[in-house]
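Accompanying notes for the structure given below.
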Amino acid sequence: MRDLINRMARRVPAWPLYILGVVPVAYLFWLGINGGLGAEPIKALEQKIGGIGLQLLVAGLAITPLRRFFGINLIKFRRAIGLLVFFYIVVHLLVWLLIDVQDMARIWQDILKRPYITIGMVGFICMVPLAVTSNNWSVRRLGPVWRRLHRLTYIVAVLGAVYFVMLVKGFQVEPLVYLAVILGLLATRVPKRRKSAAV
Amino acid sequence: MAYRWKNDLKDKDVTDEGAFLNRRQLMIGMGALGAIGTGAFVGKANAAADLEPNSYEDITSYNNFYEFGTGKDDPAAYAHTLTTSPWTVKIEGMVDKPGDYAFEDIMAKMTIEERLYRFRCVEAWSAVIPWNGFELSDLLALAGVQSGAKYVGFETLYRPEEMVGQNRRTLDWPYVEGLRMDEAMNPLTIMATGIYGKDIPNQNGAPLRLVVPWKYGFKSIKSIVKITVLNEEPPCTWNQINASEYGFYSNVNPEVDHPRWSQATERKIGGGLFAGRQPTLMMNGYADQVAGMYDGMDLRKFY
């Protein structure tokens, strides 16, 4: 099973992920325009796109543990997944800015005054240097610094899950599951001894 | 006593949606007159757009009714399992005639009228809904409120085998809410039993629910099985979960924000992907009829 997956993964290129990744966004916008997202399509769009972004983040974080514990090597897809996370969060943010609130003063107030929005924005800002340095040239140039820089992903993931937890009303299980899964995936990276530290 | 309250729109003698929509032009005219009177409307949100009723489809497909799940489309998907007949409302506490009141008996004694109300959710979305129902004060009169009673408490049905969301601990079931006696007796406060002249659908709180149009929607408790008249403030579900976010009064107030989001604006549902936000009105546009009840109260403290 493991070998089969690894053989398949070796044969499949990573670039189609970029194209496949954009399809759901286009489809959701199409649904929204045509009344397929219910009576309040703007909120639905924000939530669905943000949700996919968080799911992709979990997928990206799962790649290293999959290799370490199950010998499944999907590392060639990790950059595409990471950039798609960034893409989804950018779209999520743009929907909020341009379609939902539409008012710069109010947006600024919300970012400063609403803790969950503050946390979401910090998470987004942490993603920017990661997206910018996601090319081969940056990896070569930054060397070991690149690895350390890209551990920011862990902070982004925790902030993303906390943002989701803070956003809901009442006691809801779903965001807590995301938080638990993300913390679990991060826990697999805590080095037992210094030597075995893996990223 | 029915028909005490005069809508700021024309009285409606027809109930179907088509007729409603045909009357839109007339309503727009009436609404504009109202806007001049209150002067409360600014920007692109004018009275006309504000008081156009939402479609039956919008009203019955976008609901918060956590007894059936936390998604907006969950109630419409799962509420069909609820049986609403037979239905009794237990009225107890400081009343002359406590007891179980069968829904049919209540309906036989009440005069059903139409009320076209704005509905403002605490989550900053809104709708305009043509309710059918009767004034809560008429129901309370049936039971005979005793002197000294100061509050009214309400309770939603708890029946997890028919209300799938109650199997999760999203809220502390059963859902409870409450009003001060003057709020309960205000002619704006109704028990709704219909929408667009049809029996109220399960997802909107069948067979009878409270509608308090100047308060955030969560105060308008659904599928009521118990009403208690008492002399102290009754517990309210959201208030108990998070008192800093959901006060006992929860009057719609654009100047007092929810800690997690602004209440200054709202988006009316049904406007599609490019519907903007409109300013939220003080007391949801009913200030001239209800603000007097809160004279002398600091609305930032008693939110």
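The values are calculated or read from the model by the stated rules, or taken from the named source; none is laboratory data. All figures in this text were calculated on a predicted structure; none of them were measured in a lab. Don't worry about glycine lacking a Cβ; one is built from the backbone with ideal geometry, like all the others, and counts go over all protein chains shown. Keep in mind that these areas ignore ligands, DNA and RNA; they rest on the heavy atoms of the full protein, side chains included. Shrake-Rupley method; radii C 1.70, N 1.55, O 1.52, S 1.80 Å.
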Which members of segment B:285-301 meet the condition of being of a type in the set (Asp, Glu) and either assigned to a loop (DSSP other than H, G, I, E, B) or without any contact (Cβ under 8 Å) to a residue 60 or more places away in the chain (or both)? B:Asp295, B:Asp298
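For (1) within 14 Å of another protein chain (Cβ to nearest Cβ); (2) aliphatic (A, V, I, L, M), each residue gets a yes or a no:
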| site | (1), (2) |
| --- | --- |
| B:Val145 | no, yes |
| B:Gly148 | no, no |
| B:Leu171 | yes, yes |
| B:Ile190 | no, yes |
Would you pick out the residues in segment B:274-284 that are in contact (Cβ under 8 Å) with a residue 12 or more places away in the chain, open to solvent by 50 Å² or more (accessible area, probe 1.4 Å) and under 24 Å from B:Thr60 (Cβ atoms)? B:Arg277
I'd like to verify a number: residues in segment B:200-216 that are within 14 Å of chain A (Cβ to nearest Cβ) and either open to solvent by 10 Å² or more (accessible area, probe 1.4 Å) or more than 26 Å from B:Ser85 (Cβ to Cβ) (or both), how many? 2
Selection within segment B:131-190 - of a type in the set (Val, Ile, Thr) and either on the phi > 0 side of the Ramachandran plot or out of contact with any Phe, Trp or Tyr (no Cβ under 7 Å at 6 or more places or on another chain) (or both): B:Val145, B:Val152, B:Thr189
Kindly establish whether B:Gly271 is away from every other protein chain (no Cβ under 14 Å) and without any contact (Cβ under 8 Å) to a residue 24 or more places away in the chain. no
Subset of segment B:257-268 [at the interface with chain A (Cβ under 8 Å from one of its Cβ atoms) and either in a strand (DSSP E or B) or hydrophobic (A, V, I, L, M, F, W, C) (or both)]: B:Trp261, B:Ala264, B:Thr265, B:Arg267
In segment A:149-189, residue nearest to A:Ile119 (Cα to Cα) [restricted to those that are open to solvent by less than 50 Å² (accessible area, probe 1.4 Å) and outside any helix (DSSP H, G or I)]: A:Val168
Of the candidates B:Lys222, B:Lys226, the one satisfying the condition of being surrounded by 24 or more Cβ atoms within 10 Å (Cβ to Cβ) and farther than 21 Å from B:Ala2 by Cβ is B:Lys222
Search result, residues across segment B:122-160 that are open to solvent by less than 20 Å² (accessible area, probe 1.4 Å), under 17 Å from B:Cys236 (Cβ atoms) and part of a strand (DSSP E or B): B:Val152, B:Gly153, B:Phe154, B:Thr156
Of (1) in a helix (DSSP H, G or I); (2) within 13 Å of chain A (Cβ to nearest Cβ), B:Glu183 satisfies every one except (2)
Just need a number here: residues in segment A:23-44 that are open to solvent by 20 Å² or more (accessible area, probe 1.4 Å), at the interface with another protein chain (Cβ under 7 Å from one of its Cβ atoms) and in a helix (DSSP H, G or I). 1
Single condition A:Gln102 does not satisfy, out of (1) open to solvent by 30 Å² or more (accessible area, probe 1.4 Å); (2) more than 14 Å from chain B (Cβ to nearest Cβ); (3) of a type in the set (S, T, N, Q): (2)
Restricting to helices (runs of 4 or more DSSP H) lying wholly in segment A:45-134: which have 2 or more residues that are at pLDDT 95 or above and on the phi < 0 side of the Ramachandran plot? A:78-94, A:115-132
Just one of the numbered conditions (1) part of a helix (DSSP H, G or I); (2) out of contact with any helix residue (DSSP H, G or I) (no Cβ under 8 Å at 6 or more places or on another chain) is not true of A:Lys192; which one? (1)
A careful count of residues in segment B:78-116 that are open to solvent by 20 Å² or more (accessible area, probe 1.4 Å), part of a loop (DSSP other than H, G, I, E, B), within 25 Å of B:Phe68 (Cα to Cα) and not β-branched (Val, Ile, Thr) gives 2
Being at pLDDT 95 or above, more than 15 Å from the chain's Cα centre (by Cα) and not polar (S, T, N, Q) narrows it down to one of B:Pro235, B:Pro259, so name that one. B:Pro235
Can you work out which of the residues in segment A:11-22 that are assigned to a helix (DSSP H, G or I) and without any contact (Cβ under 8 Å) to a residue 12 or more places away in the chain is nearest to A:Val168 (Cα to Cα)? A:Leu20
